[in-house]
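Chemist: Here you go, one structure.
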């Protein structure tokens, strides 16, 4: 029960130290995630630099409105997440539950738009290895763009799904059992860090995918 | 503290000794032992492959079918690199002793530590699946497009195994970094950390910053293999060298992932058995961190003949010479640490001195490979094979065995048979040199790596190498037997049989579940040995005569 | 951090949120202005600014322990090595880009 | 040099002599350093073994003098080796115009060579002694690596790009060609022989092949077959860049960049015409990706290359 939870684990002197350390651990993990997605953007960068025309041509088929709606959803979800943490710090339980629900909902909306976008891509014949058709004059390097697109958005969706899972775990387990208190809400802060990072990834994918082929 | 009563002998291993208590444990010491079991299994799989390779190459005609030979050396590389060498020292000795050496009761995230072991075994199973179902014949470097457009589907499984393995590496490294930052005992300043902890810290930094790039790289490889179109596909304008850039961005630092903890172990051993403070402690720590950082600037020296620009090759060659400087500092400091010591040649010390010599040879030949014009000639020949085995087997494995013997009494509470251990250490050294030195000559003669056959005039050197390998195999099998024997029949160890100074020796042998009854307070830096009167001062400030 | 540390009021975050939405709009707009090579520079610059707002404000990078800065920055810093050192090759390689 | 136990590879090219000198110097430096380390360890190990009576007093405490000393010392020695090695590397990899230009295609698991006179060989290469040979390397499938140990010359062959190596053999005889980049099942058999002949014997060998069409002429035939001439001929009605004098010149592209028209550029233009549209011309050329094998591409390259020489005679 909660009195149990409020005692730090054996290797920590205080709860504060335990919470601090958990956050630092998440920051270290986010550094590895930065390099993970960074490596993918690196590959993208190399090819966009090498095949500017092919990439611009291919990126014209990316569905701009889907990407734009999604970036709005994610930025908003970061706001609701941070408001949930504020609510936890103040001990406002109702607000905490509301903002967490809102966060999960926005995340699910994102995935919904994403699935719809994949459908549009399929209809457009831009799915490599499934139904990709090289448009006359577009050059074969355009397929590289679409490989990048599916790997990047797919991985991002996986991360976001994990994020939604974590938020629901907080909501249905830790909060419901009263384990998130104004005295110790570090687990929620850790999830918040992860959530905002997934948002950050999209901030960089957005111009890379949706804005490359305009103008 | 040294007068802790060892009666009744309740320790981390005997307390609640059920299968479930091991499989669900959060104790870093138990997890270290479980890692030890896993990597030993993989060491023998990789070792069996190595034995097959040397048996095969004893004659030009060979023993195996070419297709089998190609699978065997690929498996040898993949298993030894990712499933033995990289986790070897950090996940076992590091897991066991880093918390004890900094005076902590456990790692920062015990559950993540346990998860790391499960993920490691999962990745091992995926790899074994690829091995049993059909094998992979691309070499452990998985160069595209051979590994994607021109290979069978088990490359996908092997790539996923490496990908999953990366999670285990990251979880372990993350734990170490956070633990060393946050859980040091009072008084354990950064300038008082034992060099082994410094080694583990620097290696964890490298693991965290390099592994994600490999993860992305193998993921893209798996995608390309699965879909038959991908980012490295030259028929779509993709660049096969991009795979190599990202692969070596990880895999060159990975060499230092293997060697940095070994350097830490050897520093402990040399100080303890030479009974004097390590020469140039701060120089050693700076050198380790310098190696960790510069190791990221040198990756393309694996690609000097691969078709990168001449300009890039010159830059990376220069960087490679820079990384040699801190390595040289370390070698000189170890040697100087013997000066005016009181040296005893116990088994761990033989391993440690062997390490210094073999690492020096490996490092110097590394310089030859860094020299652009020489690399053009010997790249992808047996010269390279000999070079990196000198670093990884002569270096890392020697240090691993040295550390294992040194800490064996602490881990198990038993002493190993000293004379037999010295004999094994000596045998390993001789067998190793006989195996790999001829390969330098073969390399300059022009024998390419990964050839299942060769012209008959090169047989002499290959036979020598194979003969050495059989001696080496005995050298590695012996400890398995006598260490196993010592578990039951070995003499009981006192808390500090080597009269060493680290905090880990303040506990009983084997240590209790949470390491320390009370958190120790650190008063001085490590290695306060005095060769003149044989006294030493443990890190809690107590002088022992 | 847990415990008694005060957190920023909701208004600060709402301003940050509005700023990020505004920047997104700018980013999309810049794509249609025909800026040529400048466009991606502006767009990724905006993305970096938005990320900075997220990191510093929403992810509470400001405030103790300062070690967070080191950890958060190391990932980005190391990416510079990957990008920068590879450019020694890609910017000068003979015959690159290659035809398929 | 056929020792029963070989210690040193044969050296049969001026490239090899230069690399050998560096190699010997490096081995000497390494042996010296190793002897120093090993000597110190041995001396200390004996003198300061446990129980020996040697004095342990006055141990060196201040270590920075030593450390800075040997850091600077090793750095200077290393930099000297770096400069030496880099200078040779640039010389080795900046391929000069060869006396003879030969095209090589690597494929699983053989080397195909095409001589300028149209002669073709597989896993065998005949060249004259004392001439600079420039080899243009292409790969049909995976990455291979062309290595002649006796010449100390090696270069990976990456599909999609041309690589060049050169060597000037100074001894006659037969030497091994090896593939050193693992390329699949029969990687170990992707070897061949390079035979260095006296000039007279070489001339004889060339004529014995019974080939009447040079590589460029074969390329010209292909040029017509594939319909390239329809646009690129001087009297064509289509507005296409003329190819006479193209090879070796600087070309201004539509996107503002400038490329040197080398073998790689010509290959790229045939396969990815849209990426390399020449400034002032409409982007109408179709891509020939997938229609031409690596050997055919090399023939076309040889033909277009030969047009460069014609330019002088035309004007």
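The values are calculated or read from the model by the stated rules, or taken from the named source; none is laboratory data. The structure presented is a predicted model; accordingly, all values stated were derived computationally and were not measured. Heads up, the Cβs are rebuilt from the backbone with ideal geometry, glycines too, and the neighbour counts pull from every protein chain shown.
Chemist: Which residue, of A:165, A:107, is in a helix (DSSP H, G or I), away from chain B (no Cβ under 14 Å) and buried (at least 22 other Cβ atoms within 10 Å of the Cβ)?
Modeler: Residue meeting the stated conditions: A:107.
Chemist: Further question: State all residues of the range B:348-362 that are within 26 Å of residue D:86 (Cβ to Cβ) and at the interface with another protein chain (Cβ under 9 Å from one of its Cβ atoms); if no residue qualifies, say none.
Modeler: B:360, B:361
Chemist: Just name the residue that is nearest to the other protein chains (Cβ to nearest Cβ) out of those in the range D:8-46 that are in contact (Cβ under 8 Å) with a residue 60 or more places away in the chain and not in a helix (DSSP H, G or I).
Modeler: The qualifying residue nearest to the other protein chains (Cβ to nearest Cβ) is D:9.
Chemist: Please enumerate the residues belonging to the range B:367-398 that are over 25 Å from residue D:167 (Cβ atoms), out of contact with any helix residue (DSSP H, G or I) (no Cβ under 6 Å at 6 or more places or on another chain) and crowded, with 24+ Cβ neighbours inside 10 Å.
Modeler: The answer is B:397, and nothing else.
Chemist: Looking at D:83, D:72, D:18, which is the one that is modelled with pLDDT under 90, within 39 Å of the chain's Cα centre (by Cα) and under 28 Å from residue B:321 (Cβ atoms)?
Modeler: On inspection, the qualifying residue turns out to be D:72.
Chemist: Then there's this: Please report, ordered by residue number, the helices (runs of 4 or more DSSP H) entirely within the range A:1-94 with at least 2 residues that are within 30 Å of residue B:113 (Cα to Cα) and within 7 Å of chain C (Cβ to nearest Cβ). Break it down stepwise before answering.
Modeler: Values: elements: A:2-5, A:15-50, A:52-59, A:64-90.
Hits in the range A:1-94: A:15-50, A:64-90.
Chemist: Go through the range B:338-347 and give me each residue that's more than 7 Å from every other protein chain (Cβ to nearest Cβ) and crowded, with 24+ Cβ neighbours inside 10 Å.
Modeler: Result: B:347, single match.
Chemist: Here's another thing I want to ask about it. Among the residues of the range B:225-240, what is the count of those that are touching a helix residue (DSSP H, G or I) at 6+ places or on another chain (Cβ under 8 Å), assigned to a helix (DSSP H, G or I) and over 12 Å from residue B:142 (Cα atoms)?
Modeler: Number of matching residues: 4.
Chemist: Given the residues B:160, B:133, B:171, which is the only one that is within 26 Å of residue A:10 (Cα to Cα) and out of contact with any strand residue (DSSP E or B) (no Cβ under 7 Å at 6 or more places or on another chain)?
Modeler: Matching residue, one of B:160, B:133, B:171: B:171.
Chemist: What's the number of the condition residue B:274 fails, among (1) closer than 30 Å to residue A:131 by Cβ; (2) out of contact with any helix residue (DSSP H, G or I) (no Cβ under 7 Å at 6 or more places or on another chain)?
Modeler: Every listed condition holds for residue B:274 apart from (1).
Chemist: Which ones in the range D:98-119 are within 14 Å of chain B (Cβ to nearest Cβ) and not in a strand (DSSP E or B)?
Modeler: Of everything in the range D:98-119, those that are within 14 Å of chain B (Cβ to nearest Cβ) and not in a strand (DSSP E or B) turn out to be D:108, D:109.
Chemist: I've got another one for you. Among the residues of the range B:451-497, count how many are closer than 13 Å to residue B:57 by Cβ and buried (at least 20 other Cβ atoms within 10 Å of the Cβ).
Modeler: Summing the residues that are closer than 13 Å to residue B:57 by Cβ and buried (at least 20 other Cβ atoms within 10 Å of the Cβ) in the range B:451-497 gives 10.
Chemist: Condition first: within 7 Å of chain D (Cβ to nearest Cβ), farther than 20 Å from residue D:81 by Cα and in contact with a helix residue (DSSP H, G or I) (Cβ under 8 Å, 6 or more places away or on another chain). Can you find one or more residues in the range B:298-306 that meet it?
Modeler: So far as the range B:298-306 goes, yes, one or more of its residues are within 7 Å of chain D (Cβ to nearest Cβ), farther than 20 Å from residue D:81 by Cα and in contact with a helix residue (DSSP H, G or I) (Cβ under 8 Å, 6 or more places away or on another chain).
Chemist: Could you please find all residues in the range D:180-199 being more than 7 Å from every other protein chain (Cβ to nearest Cβ), under 27 Å from residue D:293 (Cα atoms) and crowded, with 19+ Cβ neighbours inside 10 Å?
Modeler: The answer is D:190, D:191, D:192, D:194.
Chemist: Working only within the range C:47-67, note down all residues that are farther than 18 Å from residue A:198 by Cα, free of Cβ contacts under 8 Å to residues at least 12 places away in the same chain and at the interface with another protein chain (Cβ under 9 Å from one of its Cβ atoms).
Modeler: Correct list: C:65, C:67.
Rundown of residues vs (1) more than 13 Å from chain D (Cβ to nearest Cβ); (2) surrounded by fewer than 24 Cβ atoms within 10 Å (Cβ to Cβ); (3) closer than 21 Å to residue B:526 by Cα, yes/no style:
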| site | (1), (2), (3) |
| --- | --- |
| B:183 | yes, yes, yes |
| B:201 | yes, no, yes |
| B:220 | yes, no, no |
| B:227 | yes, yes, no |
| B:238 | no, no, no |
| B:242 | no, yes, no |
| B:270 | no, no, yes |
| B:284 | no, no, yes |
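Chemist: Can you say whether residue D:283 is within 23 Å of residue B:236 (Cα to Cα) and away from chain C (no Cβ under 14 Å), as far as the supplied structure shows? I'd like the intermediate steps shown before the answer.
Modeler: Working: within 23 Å of residue B:236 (Cα to Cα): yes; away from chain C (no Cβ under 14 Å): yes.
Against the criterion (within 23 Å of residue B:236 (Cα to Cα) and away from chain C (no Cβ under 14 Å)), residue D:283 qualifies.
Chemist: How many residues are touching a residue at least 12 places away in the same chain (Cβ under 8 Å), more than 30 Å from residue A:20 (Cβ to Cβ) and crowded, with 16+ Cβ neighbours inside 10 Å when one looks only at the range C:4-46?
Modeler: The number of residues fulfilling the criteria is 8.
Chemist: When you check residue D:261 against the structure, is it outside the structural domain of residue D:148 (by TED's automatic domain parsing) and either under 25 Å from the mean Cα position of the chain (by Cα) or farther than 30 Å from residue B:450 by Cβ (or both), yes or no?
Modeler: Values: outside the structural domain of residue D:148 (by TED's automatic domain parsing): yes; either under 25 Å from the mean Cα position of the chain (by Cα) or farther than 30 Å from residue B:450 by Cβ (or both): yes.
Considered against the rule, which asks whether it is outside the structural domain of residue D:148 (by TED's automatic domain parsing) and either under 25 Å from the mean Cα position of the chain (by Cα) or farther than 30 Å from residue B:450 by Cβ (or both), residue D:261 comes out as yes.
Chemist: Just a yes or no: is a residue in the range D:89-97 closer than 30 Å to residue D:186 by Cβ and either facing chain B (nearest Cβ under 10 Å) or part of a strand (DSSP E or B) (or both)?
Modeler: Within the range D:89-97 (the criterion being closer than 30 Å to residue D:186 by Cβ and either facing chain B (nearest Cβ under 10 Å) or part of a strand (DSSP E or B) (or both)), the answer is yes, since at least one residue qualifies.
Chemist: Kindly indicate whether any position in the range D:47-64 is assigned to a helix (DSSP H, G or I), within 7 Å of another protein chain (Cβ to nearest Cβ), within 18 Å of residue B:356 (Cβ to Cβ) and free of Cβ contacts under 8 Å to residues at least 24 places away in the same chain.
Modeler: Looking through the range D:47-64, none of the residues is assigned to a helix (DSSP H, G or I), within 7 Å of another protein chain (Cβ to nearest Cβ), within 18 Å of residue B:356 (Cβ to Cβ) and free of Cβ contacts under 8 Å to residues at least 24 places away in the same chain.
Chemist: What tally of residues in the range D:120-153 results from selecting those that are more than 10 Å from chain B (Cβ to nearest Cβ), touching a helix residue (DSSP H, G or I) at 6+ places or on another chain (Cβ under 6 Å) and within 30 Å of residue D:22 (Cα to Cα)?
Modeler: 4
Chemist: Out of all the residues in the range B:366-386, which are within 7 Å of another protein chain (Cβ to nearest Cβ) and either in a loop (DSSP other than H, G, I, E, B) or within 19 Å of residue B:434 (Cα to Cα) (or both)?
Modeler: Within the range B:366-386, B:371, B:379, B:380, B:381 meet the criteria.
Chemist: Being out of contact with any strand residue (DSSP E or B) (no Cβ under 8 Å at 6 or more places or on another chain) and within 30 Å of residue B:331 (Cβ to Cβ), is that true of even one residue in the range D:89-103?
Modeler: Scanning the range D:89-103 turns up at least one residue that is out of contact with any strand residue (DSSP E or B) (no Cβ under 8 Å at 6 or more places or on another chain) and within 30 Å of residue B:331 (Cβ to Cβ).
Chemist: So, in the range D:102-111, of the ones that are in contact (Cβ under 8 Å) with a residue 40 or more places away in the chain and either within 19 Å of residue D:161 (Cβ to Cβ) or surrounded by fewer than 17 Cβ atoms within 10 Å (Cβ to Cβ) (or both), which residue ends up farthest from the chain's Cα centre (by Cα)?
Modeler: D:108
Chemist: Only one residue in B:127, B:93, B:122 is in contact with a helix residue (DSSP H, G or I) (Cβ under 8 Å, 6 or more places away or on another chain), outside any loop (DSSP other than H, G, I, E, B), on the phi < 0 side of the Ramachandran plot and surrounded by fewer than 24 Cβ atoms within 10 Å (Cβ to Cβ), so which one is that?
Modeler: From the options B:127, B:93, B:122, the qualifying one is B:122.
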